[in-house]
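The values are calculated or read from the model by the stated rules, or taken from the named source; none is laboratory data. None of these values were measured; they are calculated from a predicted model. All Cβ positions, glycine included, derive from the backbone under ideal geometry; neighbour counts span all protein chains shown.
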Amino acid sequence: MKEFISNKYVVITLRVLLGLIFIYSSVGKLFNPADFAKAILRYDFLPIYFVNLLAIVLPWLEFVVGLLLIAGIYKKASSLLAGASLVMFLIALISAVARGLDISCGCFSLEESSSKGDIIYRIVQDFFMLAAVIIVYKFGDAKKEETPEVSTEISN
Amino acid sequence: MAKIYKQILIIIAISAALGLTANAINSDGVKLVLYKNIYALDTAKQKKSITDFVNDPFDTTSNKKHNNVLSGQMNKEGYIEPENITVELAKNIFDRNALFVDARTKEEFDSLHVKGAINLPYEEFRSKTYYQKIETMKKYNKDGLIVVYCKGDKCEVSIDLAYEIARLGFTSVSIYRGGIKEWKEKGFPTEP
């Protein structure tokens, strides 16, 4: 098992897949901070002062992290950030379920029509993504010779 | 390890710069800091209803007030903040002869609106001077029930127009976010 998940091609596939998911989930929000702020507000989770700022920056963070994951640049840093945001989403999602909030997720699209079952599904999905992030973080740099031009760039 | 932290900071800085720039050039951009949840519904209030009061939107002399179900708090700026209402409460006060204000454009208003509603296109209203606004609104009852709506879904001009009206001293302005879309779906009275 360990051999399989540390396999270079498995790790690269996971990394690119994660990058694509991050980009996919961010594009609808990049130029729509108002709707994303509303989605965040529905969670009733953050002090409202931070809601708009998060709605402005988070989609772009997802987008940039997605690009970096696909390109394989700053692999450790981008997978750490991906993991941190997934943990944050998980906490928000689980707390919403625990408090019985009847809200849609706001994870990918910003439609308000999705139901509670959708949130459970997102939580499961998040756990799988988190597992993938851990694999990418742990084994992403296993083969140093894989992208030599990148390692020179980040060593300065 | 320190290298990773540096990279993380770089990524966050780039994302923040991109986000703030995109928001600044975006015509649908938002304020950086939100002070009040303008999208929230006060659920306790939504369960109440007005029964023994009939609103007269054009009575500018009367001090007759409804039972305060639909009056929010006076804020620091000295006006009473509009509050969001559900379709049920909107219908309840529609039946009590509330003044419905349509914040959409004239064309949209002419094609379909809540029965008896007046049209104050937000963009037009906003560009008026303070005295022109007073002039437009002085024929309406300051303490009367006012419900502002737009098309529903994601439209926000109802929120903006409601605050404009409340700033003029109207004491019971509500925002019906469901808008004409939900109103029509419910089969409630519309014109033409």
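Remarks
- Scanning the range B:134-183 for residues that are farther than 15 Å from B:PRO121 by Cα and of a type in the set (Lys, Arg) returns B:LYS138, B:LYS139, B:LYS142, B:LYS154, B:ARG167, B:ARG177, B:LYS181.
- Only listed residue being out of contact with any helix residue (DSSP H, G or I) (no Cβ under 6 Å at 6 or more places or on another chain) and within 10 Å of another protein chain (Cβ to nearest Cβ), chosen from A:PRO47, A:PRO33: A:PRO47
- Breaking point among (1) closer than 14 Å to B:SER172 by Cα; (2) touching a helix residue (DSSP H, G or I) at 6+ places or on another chain (Cβ under 8 Å), for B:PHE94: (2)
- Top-ranked residue in the range A:38-81 [being surrounded by 23 or more Cβ atoms within 10 Å (Cβ to Cβ) and without any contact (Cβ under 8 Å) to a residue 24 or more places away in the chain; ranked as nearest to B:CYS155 (Cα to Cα)]: A:ASN52
- Restricting the range A:56-79 to residues that are at pLDDT below 95 and out of contact with any Gly (no Cβ under 9 Å at 6 or more places or on another chain), the residue that is farthest from the other protein chains (Cβ to nearest Cβ): A:ILE73
- Of the set (1) modelled with pLDDT under 90; (2) touching a helix residue (DSSP H, G or I) at 6+ places or on another chain (Cβ under 6 Å); (3) within 12 Å of chain B (Cβ to nearest Cβ), all apply to A:ALA82 but (1).
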